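All remarks here apply to the structure that follows.
Bear in mind these aren't lab numbers, they're just calculated from the coordinates by the rules spelled out. Source: prediction; values computed, not measured. Heads up, the Cβs are rebuilt from the backbone with ideal geometry, glycines too, and the neighbour counts pull from every protein chain shown.
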Amino acid sequence: MATATDQAPVESHDDHDAHHPSDWEYIKIAIILAILTAIEVGMFFLEESVAAVWLYLGLTVLMIIKFFMVVAYFMHLKYDTPWFRRIFVAGLVLAIGVYAIFFFAFDYFGLG
Amino acid sequence: MTGATTPMAPPLRTKELPLAEATAVAEHEAPETETHDGDHGDGDDHGHGSTTGISNNKLMMWVFLGSECLLFGALISTYMLYKERNEDFAANLAPFSEDGRNIGPRFGGADGHGVFDIPFTSASSFILLCSSLTMVLALSAIQRSDYYRFKIWTAATAALGATFIAGQIYEFTEFYEKGLGYSTNIFGSAFYTLTGFHGVHVSIGILMLVALLIMHRQGRLNSDKSETVEIVGLYWHFVDIVWILIFTIVYLFPQ
């Protein structure tokens, strides 16, 4: 019986190449990131006319989108082995969990 | 010793092993031109020879970046808390006792209000964003053995990083002249610690990029060793994503 490892690298090789962004795709991603940054900066100047909660919300959403676009495309996490993703996400989740506890401990949100 | 007494490792079967996909990708990462001449002793194992089938060097970098999330998480959280406390306690606590002794952390005084120059910092952010693009283009170039473009994009990345650092030094000088020093209040301490740590990371990244150019000049970096560029690239992009967070949380969130 032929083992799967005899075939998998070849299949994955083609598959990997097919999904790896080209230079032009990298440029397009960078343009999208630049546009998102421009929107963020534009939102900053709306401080006087828009409620702070909406600014916080909008800026946070844009920040998260930019963060994951760089991680997924420029850092190739979308195309690389899932193990790297798991390691990075583990660090990220641990950090978010630890500092969420930190904020609650210091009553940052004014709930106490 | 006979073969009958020596335990043999069973052959890998993709469906039973979760790392099989990783093995497949790692196999791909080895360039087609690789000679498999045993030249894996200098750190570019590309996953060959590792028990997981994953490149140990890349794995190490991802573990490092995962731990860096905790470092910058601590710095960003401290900044957010101290910024809040600086405003809350400004009217209630004096930094010095009557005889002039420092009795604790300082509150109030200069902070982000009227100090930050958003258009300037936006330009710096755009420069760092561009450096991420040039970094990924440098990796793409060396992977297809286009060494001329590799050198150009790597040098451009280092130059953009240096421009960002120059902007940060200028910005810090301006803030200091406007009354926001490191020990002015807890806001200043948290702000300079956070952005300073990021600046140090960018500076280390620039040194790594220069090292790549030197290695290439010495003939120790070619398409077979492109993983080295990829690992430096991972570090550089991480520095970029940290700035994405800092720029929004520190500069753009309503004061």
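A few comments on the model shown:
- Entries in A:LYS28/B:LYS83; B:LYS83/B:LYS151; A:LYS28/B:LYS151; A:LYS66/B:LYS225 that, when Cα-Cα distance is taken, lie over 32 Å: A:LYS28/B:LYS83; B:LYS83/B:LYS151
- Sparse packing (at most 16 other Cβ atoms within 10 Å of the Cβ) combined with a DSSP loop state is found for the following trypsin sites (Lys or Arg not before Pro) in the stretch A:38-112: A:LYS78.
- Distance between the modelled labels on A:VAL61 and B:ILE204, one decimal in nanometres: 3.6 nm (7 Å Cα→Cβ projection).
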